[in-house]
Amino acid sequence: MPHRPITVLGVNDGHDCGAALVRDGKVVAAVQEERLTNIKHHSGAPKLSVPEVYKIAKIHPSETDAIAIVSLNRVYSPLEEYPFRVRLFEKLAPYLHGKSFVKFYVGLLQRSRNIDELKAIFASLGIGDKEVSFVEHHLTHASCAYRSAPWGYDEPVLVMTCDGAGDGVSSTVSVAEKGDINRIAWSTFYDSIGNSYYSEITRYLGMKPWDHEWKTMGLAPYGKPEYCVDKMKKIVRINPANPLEFQNTFGSYLKGMQGGLQRLLAGERFDNVAAACQEHYEDLVCKWVANAIEKTGVHKVAFAGGNVLNVKANAKVMRMSGVEGAFFYPAAGDDGTPVGAALQVYHDFCVREGVEAVAAPVEGIYHGPEYADEEIQAALAKTGGLSFEKHADIDGTVGDLLGKGKVVARFSGRVEWGPRALGNRSILADPRRYDVVRRINSAIKQRDFWMPFAPSMLEERMADYLVDPVPARYMITSFDTTERRSDIAAAIHPQDLTCRPQTLNHWNEGYRHVVESFDSASGVGGVLNTSFNLHGYPIAGTPEMAIWTFQSSKLDALAIGEYLLQRN
């Protein structure tokens, strides 16, 4: 006899806060708070996201079976609130950073966890009496990776998580089988290759830690790693006592690591520092994965955690001889944790109730809100002075405009989940034209000059542009490019000629039609795609944000729903 639907609300009220709704193992709605507030990396209680996911999924809150909260995100920097107990933890940590101390102190923090704001949100929706579970930070990452991977529960999967830190942990290795995730190794926050290594090198280079690590990765191809990679090896390594863990051999960011880095790297060129940082990072990750495969004998690997956004390292892992399959959860950072928490509690709830838990491999990740024609009309009516017209074939029109050299923003369908714009909230351009790079950088995005853009390409055309192509639908790994790279020259890294593509199947027919229209006109099976936002702002999530971004930039056009706004 079929069971009734089981619905779980997942909530992250910390860094990159948001909410997700899982029904029978499938994500039916998920949205980051930043997409609704226009505050990048919004931290705190997701007051808008929680009610929004019920609206998106058209599920009444009373149908909720359980609530899953990411355990301790609220007490870690870079949140504005910084309780004394957390400051004390960070003062003691450089001296008492062993696993016993981490478990003890994190336990204290968990017992003092304050969810008053969340309780108020739940009460306003009439779900204040629902069962609440806290899910440990890295278990949420592991659950995202395993329960969204394409292999289901029929075979064992090696699950690996890696980030800055969460609940005192910075990396984990688990073996997952038949729905259960069993952790076999973990590294402390002190031994993080995120915070205590990559983020501190990012800070040393004059950029913002916990935010600009992708800029360090983009800068790396311009340098020569051999000049100072040996110095990087003095900062962090694989733990000789346990090859599944990392070991910080230099000092903690909590204790003022920058002085030591200034002495260690004095006289080294900035681009060589970035190159050496990236090369050592890739070597560490590949050795860690190889060690885990050797230890467990499991060759299919699923990954999540903020460090998994390092697409160059992912490409190396994907091509390792011992890896028979690699899956990288698209919303790998803390923004994805509401999904992981909800998936984990859904599984546990099913086990307890004697119901078979369903694994639902991820497909399209357009999990956010979509806006009706009337809502877009209302937003346009408020602008005053903007002329616009309705197009029956708006996506075909966008493709035609790209062929004429226009830079066009597309706001259509549901908002993407995670950090990448995958066509629905994207700025698009002709990928053959180098001049659009300068235009987008200087007049719209204000990106650092060395940062590359990315292509979206028809999946049946990927062999034209990618070396050893495989479907890559989330911009989560990189590829070398073929001799036909001139077709997409503005959307690849100009120094090492790699790209971070989105390959298009039929999950998003509207966006696919844009690219097909451009292909028909130009013979090029891809477009330049970058996120629709101004520098320092999140991806535009609402019609009002989309129109404001258009007005505040020098975009040629905005396709919003079926309406086209063009700059005179």
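The values are calculated or read from the model by the stated rules, or taken from the named source; none is laboratory data. Here the structure is a predicted model, which means the values were calculated and not measured. All Cβ positions, glycine included, derive from the backbone under ideal geometry; neighbour counts span all protein chains shown.
Quick notes on this one:
- Among the candidates V135, V175, residue that is crowded, with 18+ Cβ neighbours inside 10 Å, closer than 23 Å to G44 by Cβ and either in contact with a helix residue (DSSP H, G or I) (Cβ under 6 Å, 6 or more places away or on another chain) or at pLDDT 85 or above (or both): V135
- Qualifying residue in segment 112-133 (condition: part of a loop (DSSP other than H, G, I, E, B) and under 27 Å from K295 (Cα atoms)): no
- Across segment 27-59, the number of residues qualifying as crowded, with 18+ Cβ neighbours inside 10 Å and in a helix (DSSP H, G or I) comes to 11.
- In segment 420-447, the residues that are surrounded by fewer than 22 Cβ atoms within 10 Å (Cβ to Cβ) and not aliphatic (A, V, I, L, M): N424, R432, R433, Y434, D435, R438, R439, N441, S442, K445, Q446, R447
- Of all residues making up segment 272-286, the number that are touching a residue at least 60 places away in the same chain (Cβ under 8 Å) and among the small types (G, A, S): 1
- When segment 45-80 is filtered for residues that are of a type in the set (A, V, I, L, M, F, W, C), in contact with a Lys or Arg (Cβ under 9 Å, 6 or more places away or on another chain) and modelled with pLDDT under 90, the ones remaining, listed by number, are L72, V75.
A quick yes/no check of all residues on (1) outside any loop (DSSP other than H, G, I, E, B); (2) outside the structural domain of K58 (by TED's automatic domain parsing); (3) under 30 Å from V339 (Cβ atoms):
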position: A379; (1), (2), (3): yes, yes, yes
position: A392; (1), (2), (3): no, yes, no
position: G396; (1), (2), (3): yes, yes, no
position: L402; (1), (2), (3): yes, yes, no
position: G418; (1), (2), (3): no, yes, yes
position: N441; (1), (2), (3): yes, yes, no
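- Subset tally (residues that are modelled with pLDDT of 95 or more and polar (S, T, N, Q)) for segment 105-131: 1
- Members of segment 268-294 that are surrounded by fewer than 16 Cβ atoms within 10 Å (Cβ to Cβ) and either assigned to a helix (DSSP H, G or I) or modelled with pLDDT under 95 (or both): F270, K287, E294
- Identity of the residue in segment 414-462, hydroxyl-bearing (S, T, Y) and modelled with pLDDT of 95 or more, that ends up farthest from S517 (Cα to Cα): S426
- Strands (runs of 3 or more DSSP E) contained entirely in segment 156-258, each with at least 2 residues that are outside the structural domain of F104 (by TED's automatic domain parsing) and of a type in the set (A, V, I, L, M): 157-166, 169-177, 180-188, 236-238
- Considering the conditions (1) assigned to a helix (DSSP H, G or I); (2) surrounded by fewer than 17 Cβ atoms within 10 Å (Cβ to Cβ); (3) of a type in the set (A, V, I, L, M, F, W, C), W507 is excluded by exactly one of them, (1).
- Residue match in segment 528-536 (condition: modelled with pLDDT of 95 or more and either hydroxyl-bearing (S, T, Y) or surrounded by fewer than 18 Cβ atoms within 10 Å (Cβ to Cβ) (or both)): yes
- Residue that is surrounded by the most Cβ atoms within 10 Å (Cβ to Cβ), among those in segment 178-197 that are touching a Phe, Trp or Tyr at 6+ places or on another chain (Cβ under 7 Å) and over 13 Å from V236 (Cα atoms): I181
- Within segment 420-439, the set of residues being outside any strand (DSSP E or B) and of a type in the set (K, R) comprises R420, R432, R433, R438, R439.
- Test: residue in segment 361-377 that is part of a helix (DSSP H, G or I) and not charged (D, E, K, R): yes
- Sub-8 Å Cβ pairs linking a first residue in segment 7-25 that is touching a residue at least 60 places away in the same chain (Cβ under 8 Å) and at positive phi to a second residue that is surrounded by fewer than 24 Cβ atoms within 10 Å (Cβ to Cβ) and of a type in the set (A, V, I, L, M), at least 6 apart or interchain, are D24/I6; D24/V358; D24/A360; G25/A357; G25/V358; G25/A359; G25/A360, ordered by first then second residue.
- Candidates A546, A521, A489, filtered to the one that is modelled with pLDDT under 95 and part of a helix (DSSP H, G or I): A521
- Test: residue in segment 81-100 that is within 26 Å of Y146 (Cβ to Cβ) and either in contact with a Cys (Cβ under 8 Å, 6 or more places away or on another chain) or at pLDDT 70 or above (or both): yes
- Qualifying residue in segment 555-568 (condition: surrounded by fewer than 22 Cβ atoms within 10 Å (Cβ to Cβ), under 30 Å from R484 (Cα atoms) and not small (G, A, S)): yes
- Residue within segment 509-526 that is closer than 30 Å to A275 by Cβ and outside the structural domain of N272 (by TED's automatic domain parsing) present: yes
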